[in-house]
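Novice: The structure's right below; bear with me while I get my questions together.
The values are calculated or read from the model by the stated rules, or taken from the named source; none is laboratory data. Predicted, not measured: the structure shown is a model, and the values here were computed from it. Using ideal geometry, Cβ is built from the backbone for each residue, glycine included, and neighbour counts are taken over all protein chains shown.
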Ligand code: GDP
Ligand code: IMO
Ligand code: MG
């Protein structure tokens, strides 16, 4: 039995960590511990919709934009070009870290090509949700985090109304661009506000220029061409750890569209989101929580009913409330039908499993192994969200374990039923599981022989 958790990635040069469910699998915990054998930790997608928790002792750090390697003193943390940055959130996060004794200086680099989130993006996020739900007579359509993520990525694709980090560094450029952008936003958001039955928020261009130029001044020391930085460092033997935000079932191309976020969360987003050459990253560590949680709308075949006691117990024991929005997370059994698919999409070479301790005390542990639709077992993961919502999960029941395992520090000391559950997942996904977590702290990651 190997004792060092990080020793489970021998000869790793560039590693990636990707969530394989709907988010909140525990990516931050694994990134934090793997960071010590890398020189760089790089975020390649998403924005302040992400909330990654790193727990050291009793202290919990919630990261939204700052990469989860920040607590490792020897690591340079990089926010890549694929990220959308809300400077207010980022600066606040840096301040909170400083109050906790974590200095953020040269250890944080920000891509000059990353896109910037403005208040009008958040406003649009809310108005779109309200307008569509009003038109369709439904509750919120996507249940976004309201952080302006979709509208900022949309502006990136539109180009004419986009603002990048480099624009914040030159007040004249910023002012010229923002003046036009605000005219267009007023027209578009005004129409959207009418549809939503809401008031259009004031957009004072001079105040915005002043505020964002200030952000530019504060962030300037961190800003550089991060693609060049990473490629130069890699050429000198620098070791990179890529940190996925959100998760593969929320990937804009491969997830349960349209109930997804707006970026490439799977490992394929690494290359476009950072500028490192395609295919240069292996191993790819997929994170799987041993049950499922989901925040916001969208299909969820293994979901417990709202009033289900098992689901409620998992939510409480797993503290399943959003790191970013505080919303109670929807809870379900582990779903290998979707995880088999995301294992493939992210090219996962090994898994780290979290959440095992939360299952203690359940007589039976159910695992969905396949989806059945109209009487047939499906051979592939469906593209249509409506169809996914209609599938019937095919379950296998495994025996549960009674005692708490949070204090177990050696994998071999886990109850046989807990180990049997992990073995089952490994066999069905056909990917080795060298790490199993029995809690959020660094010392609760157990090394497992594979
Ligand atoms: P991330 O966004 O993937 O970094 O994950 P979050 O930190 O947002 O959420 C992880 C959730 O899983 C939290 O609600 C934890 O309480 C819960 N959880 C349950 N068991 C574990 C575990 O063993 N490890 C971790 N990291 N989280 C766990
Ligand atoms: P981490 O990195 C869980 C979900 C939102 C919503 C959908 C779209 O902590 O795993 P968005 O604001 O991105 O347009 O919302 O995506 N979502 C997440 N759910 N964890 C996350 O990040 C998420 N990031 C986005 O709840 O359903
Ligand atoms: Mg999270």
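Novice: Could you figure out which of (1) touching a helix residue (DSSP H, G or I) at 6+ places or on another chain (Cβ under 9 Å); (2) surrounded by 18 or more Cβ atoms within 10 Å (Cβ to Cβ) isn't true of residue 62?
Specialist: Going through (1) touching a helix residue (DSSP H, G or I) at 6+ places or on another chain (Cβ under 9 Å); (2) surrounded by 18 or more Cβ atoms within 10 Å (Cβ to Cβ) one by one, residue 62 breaks only (2).
Novice: Now for a different question. When the range 327-336 is examined, which residues are found to be within 14 Å of ligand 2 (Cβ to nearest atom), modelled with pLDDT of 95 or more and in a loop (DSSP other than H, G, I, E, B)?
Specialist: Once the filter is applied, which keeps residues that are within 14 Å of ligand 2 (Cβ to nearest atom), modelled with pLDDT of 95 or more and in a loop (DSSP other than H, G, I, E, B), the range 327-336 yields only 329.
Novice: When residues of the range 302-326 are filtered for being within 16 Å of ligand 2 (Cβ to nearest atom) and touching a residue at least 60 places away in the same chain (Cβ under 8 Å), how many remain?
Specialist: Adding up the residues that qualify gives 5.
Novice: Right, here's the next one. Looking only at the range 166-182, which residues are in contact with a helix residue (DSSP H, G or I) (Cβ under 7 Å, 6 or more places away or on another chain) and either in a helix (DSSP H, G or I) or on the phi > 0 side of the Ramachandran plot (or both)?
Specialist: 167, 168, 171, 173, 174, 175, 177, 178, 179, 182, listed by residue number.
Novice: While we're looking at this one, here's another question. Can you go through 57, 26, 69 and tell me which one is in the same structural domain as residue 273 (by TED's automatic domain parsing) and farther than 22 Å from residue 103 by Cβ?
Specialist: 26
Novice: Which of the following residues is touching a residue at least 40 places away in the same chain (Cβ under 8 Å), closer than 30 Å to residue 125 by Cβ and either within 12 Å of ligand 2 (Cβ to nearest atom) or in a strand (DSSP E or B) (or both): 28, 82?
Specialist: The match here is 28.
Novice: Which residue, of 323, 256, is crowded, with 19+ Cβ neighbours inside 10 Å, assigned to a loop (DSSP other than H, G, I, E, B) and within 13 Å of ligand 1 (Cβ to nearest atom)?
Specialist: Result: 323 is the single residue among 323, 256 that is crowded, with 19+ Cβ neighbours inside 10 Å, assigned to a loop (DSSP other than H, G, I, E, B) and within 13 Å of ligand 1 (Cβ to nearest atom).
Novice: Another question, if that's okay. Based on what the data block shows, is residue 214 in a helix (DSSP H, G or I) and surrounded by 13 or more Cβ atoms within 10 Å (Cβ to Cβ)?
Specialist: So residue 214 passes the test.
Novice: Within the range 284-300, track down each residue that is crowded, with 21+ Cβ neighbours inside 10 Å and part of a loop (DSSP other than H, G, I, E, B).
Specialist: Residues satisfying the conditions are 290, 291, 295, 296, 298, 300.
Novice: Additional query: Being outside any strand (DSSP E or B) and within 10 Å of ligand 2 (Cβ to nearest atom) is the filter here, so list the residues in the range 39-67 that pass it.
Specialist: Hits for the range 39-67 are 45, 46, 47, 48, 49, 50, 51, 64.
Novice: Within the range 128-155, which residues are surrounded by 19 or more Cβ atoms within 10 Å (Cβ to Cβ) and assigned to a helix (DSSP H, G or I)?
Specialist: 128, 129, 131, 149, 150, 151, 152, 153, 155, listed by residue number.
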